[in-house]
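*Asks:* Shown below is the structure under consideration.
The values are calculated or read from the model by the stated rules, or taken from the named source; none is laboratory data. Everything quoted here is computed from the prediction, not taken from an experiment. We place every Cβ from the backbone using ideal geometry, glycine too, and count neighbours over all the protein chains shown. Side chains are part of the model used for accessible areas, which takes the heavy atoms of the whole protein and leaves out ligands, DNA and RNA. Shrake-Rupley method; radii C 1.70, N 1.55, O 1.52, S 1.80 Å.
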Amino acid sequence: MHVNPFAVHRIADFGDLSVNPLSIEDTFRRIEQGITPLLQAGVRCACVGGDHSISLPILRAVAKKHGPVSLIQFDAHNDLWDEYFGSKYSHGTPFRRAFEEGLLHDDGVLQVGLRGQVYGEEDFDFARAHKVRMVTAEEFHKKGMSIVQRHLRSFRRKPVYVTLDIDVVDPAFAPGTGTPQVGGLTSVQMLELVRALRGLSIVGCDLVEVSPPFDTGEITSLLAANLLYELLCVL
Ligand SMILES: [Mn+2]
């Protein structure tokens, strides 16, 4: 791609935000409060999880700066459940809360890589009601990049947030994650997908769900680090 992000942007590691292991609500507050001054100063944040729940407080901060945004989500799961084990806040629910809180646009969300078991067809009712665009892993394996490219065209010139759940990648390439799903993308396909985001007005991004204790030979961390670099190249 001939991009050196360090020549184009001033890039700094802001370090860790503190969390409260006893309260997800307080953790969300800390994340939102930690990011807000950066966004207000004109910084774009590439956040590293943590599980997928962190996208919600990040989107709250992003919406304070940009208003509701579009979302491109690479994920094996749609994370649009209402509750997970009775909790409204978890890594299975962030984007339903984001819709409910008015942080996302209807017809402004694209999910790529969905697969695996769901409880039933009604799991997709909420997505359909909000005109979420979905490219399942199965469709992607059949039709390739062209089907994603077609969707990406409608995201041009709009503020878009990108969230990359490492479990979108097949466990053969990224085993170190909490909810691995077989039948996923290869590392090469994932690189190609991130590179396809070039030219969009990306207001921020995150890469989540890498779990070092579950990793094998650090292959997930290696992929995640490279994907993070590739994201910096398209910001
Ligand atoms: Mn997820």
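*Asks:* With the condition kept exactly as written, say whether any residue in the stretch 199-214 is touching a Pro at 6+ places or on another chain (Cβ under 7 Å), within 28 Å of Val8 (Cβ to Cβ) and not polar (S, T, N, Q).
*Replies:* The answer is yes; a qualifying residue exists.
*Asks:* Give the number of residues within the stretch 34-76 that are more than 16 Å from the ligand (Cβ to nearest atom) and either closer than 24 Å to Ala196 by Cβ or not in a helix (DSSP H, G or I) (or both).
*Replies:* Matching residues across the stretch 34-76 total 12.
*Asks:* Return the total of residues in the stretch 107-136 being in contact (Cβ under 8 Å) with a residue 12 or more places away in the chain and aromatic (Phe, Trp, Tyr).
*Replies:* 2
*Asks:* I need the full set of residues from the stretch 85-98 which are within 11 Å of the ligand (Cβ to nearest atom) and either among the charged types (D, E, K, R) or open to solvent by 10 Å² or more (accessible area, probe 1.4 Å) (or both), in order please.
*Replies:* Result: Ser90, His91.
*Asks:* What pairs can you find where one residue is in the stretch 137-153 and over 12 Å from Gln189 (Cα atoms), the other is open to solvent by 20 Å² or more (accessible area, probe 1.4 Å) and at pLDDT 95 or above, and their Cβ atoms are less than 6 Å apart, with a gap of 6+ or different chains?
*Replies:* His151/Arg133
*Asks:* Looking at Pro159, Pro180, Pro213 in this structure, which one is over 19 Å from Gly108 (Cβ atoms) and surrounded by 14 or more Cβ atoms within 10 Å (Cβ to Cβ)?
*Replies:* After applying the criteria, what remains is Pro180.
*Asks:* Filter the stretch 12-35 down to the residues that are hydrophobic (A, V, I, L, M, F, W, C), within 25 Å of Pro159 (Cβ to Cβ) and without any contact (Cβ under 8 Å) to a residue 12 or more places away in the chain and list them by number. Lay out the reasoning, then the answer.
*Replies:* Residues of the stretch 12-35 that are hydrophobic (A, V, I, L, M, F, W, C), as a first pass: 12, 14, 17, 19, 22, 24, 28, 31, 35.
Still in the running and within 25 Å of Pro159 (Cβ to Cβ): 12, 14, 17, 28, 31, 35.
Scanning the stretch 12-35 gives a single hit, Ala12.
Yes/no matrix, rows are residues, columns are (1) more than 13 Å from Val112 (Cα to Cα); (2) within 14 Å of the ligand (Cβ to nearest atom):
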{"residue": "Leu152", "(1), (2)": "no, no"}
{"residue": "Val162", "(1), (2)": "no, yes"}
{"residue": "Glu192", "(1), (2)": "no, no"}
{"residue": "Gly199", "(1), (2)": "yes, no"}
{"residue": "Val203", "(1), (2)": "yes, no"}
{"residue": "Ile219", "(1), (2)": "yes, no"}
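*Asks:* How many of the residues making up the stretch 36-62 are without any contact (Cβ under 8 Å) to a residue 60 or more places away in the chain and either in contact with a Phe, Trp or Tyr (Cβ under 7 Å, 6 or more places away or on another chain) or surrounded by fewer than 19 Cβ atoms within 10 Å (Cβ to Cβ) (or both)?
*Replies:* So the answer is 10.
*Asks:* Could you run through the stretch 183-210 and say how many residues are open to solvent by less than 10 Å² (accessible area, probe 1.4 Å), assigned to a strand (DSSP E or B) and hydrophobic (A, V, I, L, M, F, W, C)?
*Replies:* Selection size over the stretch 183-210: 5.
*Asks:* Let me ask you something else. So which of Gly102, Gly49 is in contact with a helix residue (DSSP H, G or I) (Cβ under 9 Å, 6 or more places away or on another chain) and on the phi > 0 side of the Ramachandran plot? Give the steps one after another, and end with the answer.
*Replies:* Details: Gly49 fails: on the phi > 0 side of the Ramachandran plot.
Residue meeting the stated conditions: Gly102.
*Asks:* Taking the criterion of being over 22 Å from Asp206 (Cβ atoms) and either part of a strand (DSSP E or B) or among the hydrophobic types (A, V, I, L, M, F, W, C) (or both), would at least one residue in the stretch 145-156 satisfy it?
*Replies:* Checked against the condition, which is being over 22 Å from Asp206 (Cβ atoms) and either part of a strand (DSSP E or B) or among the hydrophobic types (A, V, I, L, M, F, W, C) (or both), the stretch 145-156 yields at least one hit.
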